[in-house]
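To keep things clear, I will list the structure first and then write my remarks on it.
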Amino acid sequence: MTFSNRELLCAASLLLCQTAMAGIDWNITGAGARAEGMAGAFTGIADDATSVVWNPAGLATLVRPEASIVMRSIGNTVAYDWSSDLNSLGLDDSETSDSHALINFLSYVHPFEMGGRKLVAGVALQSQLDGFGDEQTQSGYTDVNGNPILDSDKSTGGVNTITPGIGFHLNPVLSLGLAANVWTGSIEGDVVGHYDDGFNVYESGYSYTYDASGMNFNLGALMDFSLASSPMPLKIGLNLRTPFQLDLDYSDSDQSSGTISVDMPLMVSVGASWGFGEFLTVAADLEARQYGDSKIKTDGAEAPLADHKQDLMQFRLGGEYLFLSDFAVIPLRAGFRTVPTLTSDSDDVGSQTTYTQVNGVGFALGTGLIFEKMAFDLAFSSSNYENSFKSSGSEWLVTKDTINRLTLSSIFYF
């Protein structure tokens, strides 16, 4: 099947809406409640089982086998603020919200020796793009009791990666790592709409499936200057994610099928952490994602993934303080991050539309319990951004997105 330009743009909008509703945008990063509690400032720390996706070079720092599981609860709220003119025409300000839970991450890592050199290998399963969606809109019709009839678009599933990786010490200070990301998973959905023939209202609908495939690599480096001949409590990390094409094989109950391809760009993250004594660590990351030239395409047609055609640049800052007790080590974590998006503010002037990139902010808090054989980490994070729609400079709609995430990690040491 060949998709029209209109269908292609609708498909792009659908994917972006599903991602935003799930609280996960195209800022592909790592996982884990510890990193989440520091707002993702983890490239220059990378010293636990989640290193396989944050910075595989950090695997080399592990000295015993570890297994981890990460659960996440995601809540998304969108507030619609219409202009007063549209309020007078019956468009009332409103708010929609949804929430759901999922397994965000599973991993196992194991140190071993090869040729007299210590290597640490690991494998992870990570949820990358969450396909959950539960959108309901008024159809414009009412039932026999006068209640509004709702159209709906519901979806489940997501796009995941299976990630084997390895890390090793090139010398006492420098570690290197490599991981392969095998993209898989599927998004399934049901769309229900309504129409009339002038006398009666009828329901129509269809179901659809997107099956994902693709592959790329993570290349990591980590320099730990606390192991240098003149030690200092500084670590510097680099993680490079190679560009690739994410294919989404589409099929629906109307026997339509095809493949939608998304250009996933080069992503480069640089991070540093500094230890103030034994108990306080502060870290910062800067990550660039070259989405500006990315396109979504199918047979004979393509469209920009983002109307504003800008790259994404994210800054992350976090800290961790460890309290020692007779019972366990209790960490306190906090962080801040910017939230660049592929969403655009728009201003329609005649036949021309101006697009401006939407950026938001996010905050995080975290804590946990660290024992000799296991660790439990809990993090809460909240991100928000506003989207403005104008016509000849006059604002007619503002949407306000708030994404809250509660993340729980369990790590077991063997």
Practice task
Would you kindly derive the ³J(HN,Hα) couplings of the range 340-351 from the backbone phi angles with the Karplus curve 6.51 cos²θ - 1.76 cosθ + 1.60 (θ = phi - 60°), listing them in order in whole Hz, with x for Gly and Pro?
Solution key: x, 10, 8, 7, 10, 6, 10, 9, 8, 10, x, 8
Fill in the blank from the handout: Expressed in angstrom and ordered largest first, the alpha-carbon extents of the range 342-414 along the principal axes are 66, 18, 11
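So for D134, D153, D92, what's the accessible-area order with a 1.4 Å probe, most first? All intermediate terms of the calculation are to be shown ahead of the outcome.
On the way: D134 65, D153 40, D92 105 Å².
Descending accessible area places them as D92, D134, D153.
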Problem - Probe 1.4 Å, protein heavy atoms only - accessible area per residue of the chain in square angstrom - result: 46 Å²
Exercise for the section: Measure off 7 Å from each Cα along the Cα-to-Cβ vector at A228 and Y80, then give the distance between these two points in nanometres to one decimal. Expected result: 5.7 nm
Fill in the blank from the handout: Here, the range 108-265 modelled as identical Cα point scatterers in vacuum has Debye log10 I(q)/I(0) at q = 0.18, 0.20 Å⁻¹ of -1.10, -1.21
Practice task
Rounded to whole Hz and in sequence order, give me ³J(HN,Hα) for the range 215-228 from the Karplus expression 6.51 cos²θ - 1.76 cosθ + 1.60, θ = phi - 60°, writing x for Gly and Pro.
Solution key: 7, 8, 10, 10, 10, x, 9, 9, 10, 10, 6, 6, 9, 6
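With a Förster radius of 41 Å, plug the Cβ-Cβ distance of V268 and E113 into 1/(1 + (r/R0)^6) and report the FRET value to the nearest 0.05.
Using R0 = 41 Å, I get an efficiency of 0.85.
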Problem - Square roots of five times the Cα gyration tensor eigenvalues for the chain, Å - result: 42, 23, 21
Fill in the blank from the handout: For the pair E278 and I162, the simple spin-label estimate (label points 7 Å beyond Cα toward Cβ) gives in nm 4.3 nm
Handout entry: 22 Å Cα-Cα reach of K235 towards lysines, excluding residues that sit fewer than 8 places from it in its own chain
Key = K118
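State to the nearest 20 debye the size of the charge dipole of the chain about its Cα centre, where the only charges are +1 on K and R beta carbons and -1 on D and E beta carbons. Display every interim value, and only then the final one.
Values: 20 positive and 49 negative charges, 461 e Å.
Around 2220 debye, computed over the chain.
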Problem - GluC sites (Glu not before Pro) within the range 230-305: DSSP coil, no more than 15 neighbouring Cβ in 10 Å - result: E278
Completion exercise
Quick note, the range 96-153: a/c under 1.5 would make it rounded; otherwise a/b > b/c is prolate and the rest oblate (a ≥ b ≥ c, C-alpha gyration tensor); here it is prolate
Exercise for the section: Would you mind calculating the gained length between L150 and F315 on full extension (0.36 nm times residue separation, minus the Cα-Cα distance), in nm to one decimal? Expected result: 55.4 nm
Handout entry: the range 58-75 - phi-based ³J(HN,Hα) in whole Hz, Karplus 6.51/-1.76/1.60, Gly and Pro as x
Key = x, 4, 5, 7, 7, 10, 8, x, 9, 10, 9, 9, 10, 9, 9, 10, 10, x
Practice task
Express in nm, to one decimal, how much length is gained between T259 and V182 on full extension, taking 0.36 nm for each residue of separation and deducting their alpha carbon distance.
Solution key: 25.9 nm
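Let me have the 222 nm mean residue ellipticity of the chain computed from DSSP H runs of 4+ only, each contributing -39500 (n - 2.57), with the sum over all residues rounded to the nearest 500. Could the numbers behind the result be given before it?
Values: 4 runs with 31 residues, N = 414.
The per-residue figure over the chain is -2000 deg cm²/dmol.
Taking R0 as 35 Å, what's the FRET efficiency between V329 and F217 from their Cβ-Cβ distance, rounded to 0.05? Don't jump to the answer; show the numbers that get you there.
On the way: r = 34 Å, r/R0 = 0.99.
Taking R0 as 35 Å, the efficiency between V329 and F217 is 0.50.
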Completion exercise
Expressed as a whole-number percentage, the relative contact order of the chain with C-alpha contacts under 8 angstrom and at least six residues apart is 19 percent
Problem - Added length on full extension, which subtracts the Cα-Cα distance from 0.36 nm per residue, D348 to S394 - result: 15.6 nm
Exercise for the section: State the Cα centre-to-centre distance between the range 106-181 and the range 227-293 in whole Å. Expected result: 13 Å
Exercise for the section: Report, by chain and number, residues whose modeled amide H sits under 5 Å from the one on M215, excluding near sequence neighbours (fewer than 5 apart, same chain). Expected result: W183, Q245
Exercise for the section: Taking a cut-off of 21 Å between Cα atoms, list the lysines near K297, but don't count ones fewer than 8 places away on the same chain. Expected result: K309
Exercise for the section: Kindly express, to the nearest 10 degrees and within the range 0 to 90, the angle between helix 5-21's C-alpha long axis and the longest C-alpha principal axis of the chain. Expected result: 50 degrees
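The values are calculated or read from the model by the stated rules, or taken from the named source; none is laboratory data. The structure displayed is predicted, hence computed values, not measured ones. FYI the Cβ positions are ideal-geometry reconstructions off the backbone, even for glycines, and counts take in every protein chain you see. Surface areas here come from the heavy atoms of the whole protein model, side chains and all, with no ligands, DNA or RNA. Shrake-Rupley method; radii C 1.70, N 1.55, O 1.52, S 1.80 Å.
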